[in-house]
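**Q** Sharing a structure with you now.
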Amino acid sequence: MANKNITYLNKDFSSFRASLIEYAKAYYPTSYNDFSTSSPGTMFIEMASYVRDVLSFYLETQVQ
Amino acid sequence: MAYGLKNINVLDLRPSTGIGVQLPFSTAGVFQTVYTTKDQLKYNIINYLLTNNRERIFNPNFGANIRAQLFKQVDQDTLDTLSTSIKAGIHQYFSNVVITKFDIVGDPQAHLLTVNFSYTIKNTGVSDNIIINING
């Protein structure tokens, strides 16, 4: 499996969204190419980013 | 004789390259890949029309907000207002789309709105048509 650079500092919605789009561009260039706001795929990326944002919030709350 | 050159998206020159996903998600594998930018634009517009305001995370203005109008008084003024807002939204989110024909018809008894419009994509000569029935 490829060694992926994982950053533990991106913990908000926009950072997760940008990371997922970058990941899709890097690993699925022949499967998905539409990253416009209106596309259904971007909708799923944003939903995943939102969930990760909320999980990060609760993770930090628990740690503190 | 002079003639207008047509633009072709570079992704359309590679037929095996997937562009996005199709709507609705009803196939066996849930997601079905779309291979042309023309079809993907159509699904993106459908996605816009079927989205209400405040449904998209961190983008509350995205969406045509049609379903919110279903249980309001459907008269000509409402339809005109809705038509204007949909056209403005399409102009904002799909800047390469030119609407050539737009009709919105309401049936208050059946809580039904029908949106029917034709469009062309700028500089490509590609045209298409979308008909959507939205009922409550």
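**Q** Does region A:44-62 contain any residue that is over 9 Å from the mean Cα position of the chain (by Cα), charged (D, E, K, R) and in a loop (DSSP other than H, G, I, E, B)?
**A** Checked against the condition, which is being over 9 Å from the mean Cα position of the chain (by Cα), charged (D, E, K, R) and in a loop (DSSP other than H, G, I, E, B), region A:44-62 yields no hits at all.
**Q** Could I ask something else about it? On the given criteria, is A:V63 more than 22 Å from B:R14 (Cβ to Cβ) and modelled with pLDDT under 90?
**A** Numbers: more than 22 Å from B:R14 (Cβ to Cβ): yes; modelled with pLDDT under 90: yes.
So A:V63 fits the description; yes.
**Q** Restricting the search to region B:23-82, which residues are of a type in the set (S, T, N, Q), over 22 Å from B:F94 (Cα atoms) and either assigned to a loop (DSSP other than H, G, I, E, B) or at pLDDT below 85 (or both)? Before you say what the answer is, go through the steps one by one.
**A** As a first pass, look at region B:23-82 and keep what is of a type in the set (S, T, N, Q): B:26-27, B:32-33, B:36-37, B:40, B:44, B:47, B:51-53, B:59, B:61, B:65, B:69, B:73, B:76, B:78, B:81.
Right, trim to over 22 Å from B:F94 (Cα atoms) and you get B:26-27, B:32, B:69, B:73, B:76, B:78.
Scanning region B:23-82 gives B:S26, B:T27, B:Q32, B:Q69, B:Q73.
**Q** Within region B:54-70, can you find the residues that are on the phi > 0 side of the Ramachandran plot and surrounded by 18 or more Cβ atoms within 10 Å (Cβ to Cβ)?
**A** Keep residues of region B:54-70 that are on the phi > 0 side of the Ramachandran plot, which gives B:54, B:58, B:63, B:65.
Correct list: B:G63, B:N65.
**Q** Is there a residue being within 11 Å of another protein chain (Cβ to nearest Cβ) and farther than 18 Å from B:I132 by Cβ anywhere in region B:62-72?
**A** no
**Q** Any residue in region B:39-47 that is under 13 Å from the mean Cα position of the chain (by Cα) and surrounded by fewer than 16 Cβ atoms within 10 Å (Cβ to Cβ)? Steps first, please.
**A** Applying the first criterion (under 13 Å from the mean Cα position of the chain (by Cα)) to region B:39-47 yields B:39-47.
From what is left, the residues that are surrounded by fewer than 16 Cβ atoms within 10 Å (Cβ to Cβ) are B:39.
Yes, the conditions are met somewhere in region B:39-47.
**Q** Let me ask another. Of all residues in region B:83-97 being small (G, A, S) and in a helix (DSSP H, G or I), which is farthest from the other protein chains (Cβ to nearest Cβ)?
**A** Filtering region B:83-97 for residues small (G, A, S) gives B:83, B:85, B:88-89, B:95.
Among the residues that remain, those that are also in a helix (DSSP H, G or I) are: B:83, B:85, B:88-89.
Details: B:S83: 19, B:S85: 16, B:A88: 14, B:G89: 10 Å.
Of everything passing the filter in region B:83-97, B:S83 is farthest from the other protein chains (Cβ to nearest Cβ).
**Q** Restricting attention to region B:14-40, which residues are touching a Phe, Trp or Tyr at 6+ places or on another chain (Cβ under 9 Å) and more than 9 Å from every other protein chain (Cβ to nearest Cβ)?
**A** The answer is B:P15, B:Q32.
**Q** Filter region B:98-131 down to residues that are touching a residue at least 40 places away in the same chain (Cβ under 8 Å), among the β-branched types (V, I, T), more than 16 Å from B:G63 (Cβ to Cβ) and assigned to a strand (DSSP E or B), then give me how many there are.
**A** Total satisfying the criteria: 2.
**Q** Working only within region A:6-64, note down all residues that are within 10 Å of chain B (Cβ to nearest Cβ), β-branched (V, I, T) and buried (at least 18 other Cβ atoms within 10 Å of the Cβ).
**A** Hit for region A:6-64 is A:T42, nothing else.
The values are calculated or read from the model by the stated rules, or taken from the named source; none is laboratory data. This one's a predicted model, so the numbers in the text were calculated from it and none came from an experiment. Heads up, the Cβs are rebuilt from the backbone with ideal geometry, glycines too, and the neighbour counts pull from every protein chain shown.
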